[in-house]
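**Q** Handing you this structure, nothing more for now.
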């Protein structure tokens, strides 16, 4: 499914194993499952109640949001990458961009979250990192932050009510 300008795909349940692309691409549904490629040259937006990605979601500015977001694929924006969840974000893939923001009630990272200029990971309740969080300015925050992985940056801040580090 493609266009030279705006591409919009919506439904209660959206399952993609092909290619959805345009200059500005939007995919939405109560449940969105992607194992293919969703690309917007300028802007890419994927939203739903439950968003599951094992493919590629890419664009200039890329936003993925839902009640729950599960990523084992690649979510990237050449400029800004934003992943938001009302409840849980589970990442075992790659989330990256020049400026990368990941926020949810609970954030679990076993993969890679990277922002070449800035990366911010915020869990209102919990952040559990066994993967890699790296960037220029790197910020990790949550009520409970547990790190067994790597958190690195030019300037790095880790803050929380309870911070446990063995990484």
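Throughout, read-outs are computed from the coordinates displayed, never taken from laboratory work. Only a predicted model underlies this, so the values are computations on that prediction, with no experimental measurement involved. Methodologically, a virtual Cβ is constructed for each residue, glycine included, from the backbone with ideal geometry; neighbour enumeration extends over all protein chains shown.
**Q** What number of residues within the range 83-97 are in a strand (DSSP E or B) and surrounded by 20 or more Cβ atoms within 10 Å (Cβ to Cβ)?
**A** Restricting attention to the range 83-97, the residues satisfying the condition of being in a strand (DSSP E or B) are 83-91, 94-97.
Narrowing the set further to residues that are surrounded by 20 or more Cβ atoms within 10 Å (Cβ to Cβ) leaves 83, 85, 89-91, 95-97.
Of the residues in the range 83-97, 8 are in a strand (DSSP E or B) and surrounded by 20 or more Cβ atoms within 10 Å (Cβ to Cβ).
**Q** For a quick check of your reading: which strands (runs of 3 or more DSSP E) sit entirely within the range 7-82 and have at least 1 residues that are in contact (Cβ under 8 Å) with a residue 40 or more places away in the chain and under 11 Å from the mean Cα position of the chain (by Cα)?
**A** Filter on the range 7-82 gives 37-53, 56-71.
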